[in-house]
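See structure below.
The values are calculated or read from the model by the stated rules, or taken from the named source; none is laboratory data. Model, not experiment: these values are computed from the prediction. Note that we place each Cβ from the backbone using ideal geometry, even for glycine, and neighbour counts take in every protein chain shown. When the accessible area is computed, the model is the full protein with side chains, heavy atoms only, and any ligands, DNA or RNA have been set aside. Shrake-Rupley method; radii C 1.70, N 1.55, O 1.52, S 1.80 Å.
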Amino acid sequence: MNPQESTRPPRRVLVTGGAGFIGSHTSVLLLEAGYDVLILDNLSNSTVEVVAAIERVAGRRPDFVCGDVRDGALLARLFARSAIAAVFHFAGLKSVAESLAAPLDYYANNVGGTIVLCREMAEASLHTLVFSSSATVYSASHAPPLSESSPLDPAQPYGRSKLMIETLLGDLAATDPRWAIASLRYFNPAGAHETGALGERPKGIPNNLMPYLCQVACGERPELIVHGNDYPTPDGTGIRDYIHVMDLAQGHLAALDYLETHPGFIAINLGTGRGYSVLDLVEAFERVIGRTLPRRIGPRRPGDIAASWAAVDRARELLGWQSERGLEAICRDAWRWTCTGCPPRS
Ligand code: NAD
Ligand code: UD1
């Protein structure tokens, strides 16, 4: 949508971690919907070039501050400088493997950062928050579809940091009726902006399937290793709920609308409600690029579960939101980004 066509009065949203994968795509949608955007990012897992790419795609420039969400004095200055309507809190560390090696970093950054942010929000009488949670908060022993009331029991420090944050946000909302907080539990975000100008740029060897596949397709990696084909699934490979990053971004705007009239704390799944196996995704990707890719079956990856997909009723009923893009769009857009937009990491 052209920003001039928006009927919304301009309002300002603080997007922590807005230079990252999901925050950058969401910032584009906010700008296109007529919001002003202030990005706060310490660039620990992103680059300042992303801010220029957001401007190119949205046709409007977000304000950008390079800084850390744990810097309370900085937040206080930002809140004093201009009226902020809401905060989208993406800033955090997200590698499961890293969190096992350095749990304190994960608790300090993810939990500590959220505490500082919420304190400064309260000081500034700002009470609307959309938080990036994860499907990793669910118990691995529970069979999908996973609904918001499924048992919670994250298996690693990363997931536990997300659950701790959800718990503290629920406690916080109970202290003051002005708080309106949505914790969005993402399933498997993938894909890229359809222009090819924004996408995911993992550090080092990608852990996640989609970026790994893209690197095999462009020759950066020799082959895909399928982590196990002996799971109790139809083709033996792991099943996940892959959600296009632009659908996910749209879900954040729907959550923001919802919070305007619904104070309190709520957790909401953002997924498609459909699961696809590793081989489903590989074959969809091969159809998009028009060739097959080298792959071999390897052992199971420690910590992996057989199958995970979301129950999406709550998002549909409360937010009026559901995903629109399928597996093919995810593969097409991820591949376009790999070919055209994604700069190599130095
Ligand atoms: P990302 O790493 O691409 O983006 C996070 C951004 O936050 C980065 O730009 C990083 O530089 C910044 N950042 C990190 N710590 C910061 C701090 N203390 N202060 C300021 N900036 C900081 O990750 P993403 O994939 O865009 O994920 C965004 C959020 O969604 C994260 O909280 C992540 O845990 C959560 N999430 C992601 C996935 C996924 O698969 N991508 C799944 C579930 C949940
Ligand atoms: C991983 C994280 C999870 C996080 C999610 C974000 C682990 C154990 N879990 O989940 O906490 O929220 O990313 O999107 O790291 N696969 C291969 N070969 C590969 C890569 C992956 O076969 O090279 C398979 C995996 O075994 C799995 C599927 O592809 O069955 C998806 O893997 P991935 O993209 O890493 O996502 P998750 O395992 O769901």
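In deg cm²/dmol, rounded to 500, what helix-only [θ] at 222 nm does the chain give when every DSSP H run of at least 4 residues adds -39500 (n - 2.57) and the total is split over its residues?
It lands at -10500 deg cm²/dmol.
With a 1.4 Å probe and all protein chains left in place, how much accessible area per residue does the chain have, in Å²?
Here the per-residue accessible area is 43 Å².
For region 199-279, which whole-number percentage of the solvent-accessible area (1.4 Å probe, protein heavy atoms only) is attributable to carbon and sulfur atoms?
51
Calculate the radius of gyration of the Cα atoms of region 248-328 to one decimal place, then report Dmax, the largest Cα-Cα distance, as a whole number, both in Å.
17.1, 51
Within the accessible area of region 283-324, what % is carbon and sulfur when the probe is 1.4 Å and the other protein chains stay in place?
46
How far apart, in nanometres, would the label points at Asp153 and Ala52 be if each is projected 7 angstrom from Cα along the Cα-to-Cβ direction?
Placing both labels 7 Å along Cα→Cβ, they lie 5.0 nm apart.
Would you pull out the residues with amide H under 5 Å of Leu270's amide H, same chain only if 5 or more places away, H placed 1.01 Å from N?
Arg185, Tyr186, Phe187
Express the relative contact order of the chain as a whole percentage, based on alpha carbon pairs under 8 Å and six or more residues apart in sequence.
18
Antiparallel DSSP bridges in the chain: what percent, to the nearest 5?
For the chain, the DSSP antiparallel bridge percentage is about 5.
List the residues, sorted by chain then number, that are 5 or more residues from Val37 or on another chain and whose placed amide H is less than 5 Å from its amide H.
Hits under the 5 Å cutoff: Val13, Asp63.
If one puts a single equal scatterer on every Cα of region 48-91 and applies the Debye formula without solvent, what log₁₀ I(q)/I(0) results at q = 0.14, 0.26, 0.29, 0.30 Å⁻¹?
Summing over Cα pairs of region 48-91 leads to -0.42, -1.11, -1.15, -1.16.
When the dipole is taken about the Cα centre of the chain, and only Lys, Arg (+1) and Asp, Glu (-1) are charged at their Cβ, what size is it in debye, to the nearest 20?
It works out to roughly 480 debye.
Once the principal axes of the Cα atoms of region 170-280 are found, what is the range along each, listed largest first in whole angstroms?
54, 38, 22
So what are the three principal axis dimensions of region 26-65 from its Cα atoms, in whole Å, longest to shortest?
If we take the Cα atoms of region 26-65, the spans are 28, 16, 14 Å.
With the alpha-carbon atoms as the only input, what is the per residue convex hull volume for region 82-122 in Å³?
63
Give me a comma-separated list of calculated 3J(HN,Hα) values for region 90-102, in order, Karplus coefficients 6.51, -1.76, 1.60 applied at θ = phi - 60°, integers in Hz, x for any Gly or Pro.
9, 4, x, 9, 9, 8, 4, 5, 4, 5, 6, 7, 9
Helices from the chain with mean Kyte-Doolittle at least 0.0 and a Cα length along the axis of 20 Å or more, per DSSP H: which? List each step's numbers first, then the result.
Working: long enough: 157-175 (27 Å, 0.21); 245-261 (26 Å, 0.42).
Helices passing the filter in the chain: 157-175, 245-261.
Under a no-solvent Debye model with one identical scatterer per Cα of the chain, what's log10 I(q)/I(0) at q = 0.09, 0.10, 0.11 Å⁻¹?
Debye curve over Cα of the chain, log10 I(q)/I(0) at q = 0.09, 0.10, 0.11 Å⁻¹: -0.46, -0.57, -0.70.
If you plug each phi of region 229-238 into the Karplus form 6.51 cos²θ - 1.76 cosθ + 1.60 with θ = phi - 60°, what whole-Hz ³J(HN,Hα) values come out, in order, with x for Gly and Pro?
Using θ = phi - 60°, the values come out as 10, 10, 7, x, 10, x, 9, x, 9, x Hz.
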